[in-house]
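Would you mind keeping the following structure in view while I ask a few things?
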Amino acid sequence: MSQTEPDFWVLEYVTITKDPRTGLVVAIGGTEQAADILQRTGGFLTSPGPRGDYHRLPHGLPIEQQRLKATAASHALLAAGHSVHLDPTLNMLAAPDGDRDAALRYLTQLAERVSAAETSSAVAEVLTEVAAPVHGLLPLTREVIVRAWIAASDVQGAAPGEEPEPIARLGSTASSLSEAARVVLHARNHAARRTQPPATTPAPAAGRAPSPVSRRR
């Protein structure tokens with residue numbers, strides 16, 4: 001007797017995330033039941049989009065309110081049987097220092113890895129983590145400094161080139177980080193090429209003297 005797979009009623013997947021362009025918290029996907037839950041438990045609003053309606057939180061909500069409403073809505077959806085992806089940055093139940101602790105562990109692991117390195121390629125791997133052009137530690141740190149420079153200038157209402165000296169120096173610090181990343185990446189490329197130890201001249205066999213140099217008579 002052949003067995004058939006049972007039928008499951010799977011509700012449509014819902015994604016709750018923060019749009020990087022507008023800064024709005026949006027919920028995409030889901031059924032009418034999901035929309036009802038989003039509106040009742042999270043205070044989401046329905047808005048028309050190019051591919052149909054989507055849901056978003058109101059403009060101007062503080063970040064903590066965004067996280068609270070997104071977390072409440074996601075848990076209500078899960079309880080109702082919906083599949084939900086909640087952006088980790090919006091999860092109120094995540095450990096508050098989880099990201100920072102993970103970053104510290106990552107840096108500690110890199111220091112331990114390079115201390116234990118026995119080959120040039122192992123060193124190169126760690127230097128790649130430090131200076132990779134897009135996701136390296138130095139380029140990412142530079143991005144934070146640049147954004148801090150822009151934000152501090154905007155808050156103080158300073159025009160470009162007229163910022164107070166401490167803020168203006170953030171710009172030169174960003175340039176220094178770019179140069180540091182270039183130097184580290186150059187060292188990384190050099191280390192990556194040194195995969196084999198340099199060849200050495202073999203020592204003469206034991207008990208055999210080197211051949212004497214013949215003299216011209």
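The values are calculated or read from the model by the stated rules, or taken from the named source; none is laboratory data. Treat the numbers as computed from the prediction; the structure is a model and nothing was measured. Every residue, glycine among them, receives a Cβ derived from its backbone with ideal geometry; neighbour counts consider all protein chains shown. The protein model used for the area step is the full one, side chains on, heavy atoms only, and it has no ligands, DNA or RNA in it. Shrake-Rupley method; radii C 1.70, N 1.55, O 1.52, S 1.80 Å.
Are any residues in the range 90-104 closer than 11 Å to VAL25 by Cα and open to solvent by 60 Å² or more (accessible area, probe 1.4 Å), and if so, which ones? Spell out how you get there, then give the answer.
Taking the range 90-104 as the starting set, the residues that turn out to be closer than 11 Å to VAL25 by Cα are 90.
Passing the criteria: none in range.
Something else: Sort out for me the helices (runs of 4 or more DSSP H) sitting completely within the range 101-194 that have 3 or more residues that are of a type in the set (D, E, K, R). Spell out the reasoning first.
Details: elements: 120-131, 137-155, 165-193.
Helices (runs of 4 or more DSSP H) meeting the threshold: 137-155, 165-193.
Out of (1) under 26 Å from the mean Cα position of the chain (by Cα); (2) surrounded by fewer than 14 Cβ atoms within 10 Å (Cβ to Cβ); (3) modelled with pLDDT of 90 or more, the odd one out for LEU86 is which?
So the condition that LEU86 fails would be (2).
Then there's this: Does ALA79 satisfy the criteria of being over 15 Å from THR17 (Cα atoms) and open to solvent by 20 Å² or more (accessible area, probe 1.4 Å)? I'd like the intermediate steps shown before the answer.
Working: over 15 Å from THR17 (Cα atoms): yes; open to solvent by 20 Å² or more (accessible area, probe 1.4 Å): yes.
Yes.
If you scan the range 21-66, which residues turn out to be open to solvent by 80 Å² or more (accessible area, probe 1.4 Å) and in contact with a Ser or Thr (Cβ under 8 Å, 6 or more places away or on another chain)?
ILE28, GLN39, ASP53, listed by residue number.
Based on this model, can you work out whether ALA35 counts as closer than 18 Å to ASN91 by Cβ and touching a Phe, Trp or Tyr at 6+ places or on another chain (Cβ under 9 Å)? Reasoning before the result, please.
Working: closer than 18 Å to ASN91 by Cβ: no; touching a Phe, Trp or Tyr at 6+ places or on another chain (Cβ under 9 Å): yes.
The answer is no for ALA35.
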